[in-house]
1. Given the criteria within 23 Å of residue 451 (Cα to Cα), in contact with a strand residue (DSSP E or B) (Cβ under 8 Å, 6 or more places away or on another chain) and surrounded by fewer than 18 Cβ atoms within 10 Å (Cβ to Cβ), does residue 413 qualify?
2. Would you confirm, using the coordinates I've provided, whether residue 107 is more than 25 Å from residue 81 (Cα to Cα), under 27 Å from the mean Cα position of the chain (by Cα) and surrounded by fewer than 20 Cβ atoms within 10 Å (Cβ to Cβ)?
3. I'd like to check something: does segment 378-392 contain any residue that is more than 30 Å from residue 521 (Cβ to Cβ) and without any contact (Cβ under 8 Å) to a residue 12 or more places away in the chain?
4. Restricting attention to segment 434-450, report how many residues are part of a loop (DSSP other than H, G, I, E, B) and in contact with a strand residue (DSSP E or B) (Cβ under 8 Å, 6 or more places away or on another chain).
5. Could you say which residue among 398, 394, 319 is more than 23 Å from the chain's Cα centre (by Cα), assigned to a helix (DSSP H, G or I) and crowded, with 22+ Cβ neighbours inside 10 Å?
6. Answer yes if at least one residue in segment 376-385 is assigned to a helix (DSSP H, G or I), surrounded by fewer than 22 Cβ atoms within 10 Å (Cβ to Cβ) and touching a helix residue (DSSP H, G or I) at 6+ places or on another chain (Cβ under 6 Å), and no otherwise.
7. Return the total of residues in segment 415-432 being outside any loop (DSSP other than H, G, I, E, B) and under 21 Å from residue 226 (Cα atoms).
8. Restricting to segment 232-261, and then to whatever is within 30 Å of residue 129 (Cβ to Cβ) and free of Cβ contacts under 8 Å to residues at least 40 places away in the same chain, can you tell me which residue is surrounded by the most Cβ atoms within 10 Å (Cβ to Cβ)?
């Protein structure tokens, strides 16, 4: 789901354009203001407005963030930026959804989704009494329309690759709430594949992206790309009693972290979303502000194109991975707010292999480079200020690479340039993703049919294992297949995944209901339904 200008990355969100590298301007400007509120040695609060009592209805929440542009969109299943992602999760619901922890899949609009014994047929039973924002009942025909729109070959949505096994023209409607989804091949991982709401929203058959209608907790009122979006409460949201807020306004026109943080302190917004991580410590002891620190869900890989020299040689790719001192990179680029990554994605997946670990080994890196005839290698690393800590990570990696005799020339370009025509074409670059289950992430970024195959990965053994894993209904056997795929990722893949990053939102003390999430999506996995204000 990449846009022509700005990113949207995956997964999930695939491109969430979380701007905000650790902005020194915001940090230094904010420091004296926060100090005046009183310091403290305690750790920053990890949930917004804890201990505020029972939720109460009402309130107009204003969220400030960076990353907006003229390419902002509300178009279902075609989101482009981080602001797009959180807007989509206010507007839309899916059949299922990724739990806020990132560790499981939950029912959303579906009451149940049941596979046949061979996983070649999935029966979807919708919840009772579902309605769209315009009052129209949600029907199986709307589900069919939504799925067909995603796989439309003339204009595929971000989830098209994951729906390849679905025979959309053979879907059967059984009754007013039930439909049967036939698969061309067994598809045991189907629920994991469709769990990201922003890629698989259910929309009405008369959907108009200029006046978007969904079933999410908030409905569309107004939208000015690169400026602000206003949503109002959907009184008939299927979760009884939710949402609490009367409205949500997302302002993504801020030009700098400093401007956004000053707006928060000045009462112009109630939330500074995706704030620089070093502000977490400055919020300590400040009774007026609360730091919401996520679980480590986002990942910002270095991407090596395996079809372009020097990275066609796996010895070079391995050498680059051995260069990284991962803890040092986390400490210096993320202010310590991250968990070590070992070049394999989807750390929350129950089939993630924790035994795959790689420490810095500069002598091994030198040896591999010598073997490859690449001693004294010079490479250009292309990057932009699209996610917290990426620019700092680029500089840290460049410094670490000197220890292996490698010169890394960091080429920082504007975000719009990075995600412009050259996006997915850079030989060596950085990027960022939210969390997705493993096989879902493979569909998004590691197949020739993936919308974001930034490493140009094309490994026949890997693809064969992927197809087998999708088709395998036995959990233990599927785990073995996934482990084999991850070993390929680890041994010869095109990603350097040094860390899983935490994210920071700063709220006023009046904002409650957001809890730390592990999906790599801000504001507790954009949990608008449970947010409230005192």
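1. yes
2. The answer is yes for residue 107.
3. No, every residue in segment 378-392 fails to be more than 30 Å from residue 521 (Cβ to Cβ) and without any contact (Cβ under 8 Å) to a residue 12 or more places away in the chain.
4. 4
5. Checking each option against the conditions leaves just 319.
6. no
7. 4
8. Top of the filtered list is 233.
The values are calculated or read from the model by the stated rules, or taken from the named source; none is laboratory data. Note that this is a predicted model, so its numbers are computed, not measured. Positions of Cβ are generated from backbone atoms using ideal geometry, with glycine treated the same way; all protein chains shown enter the neighbour counts.
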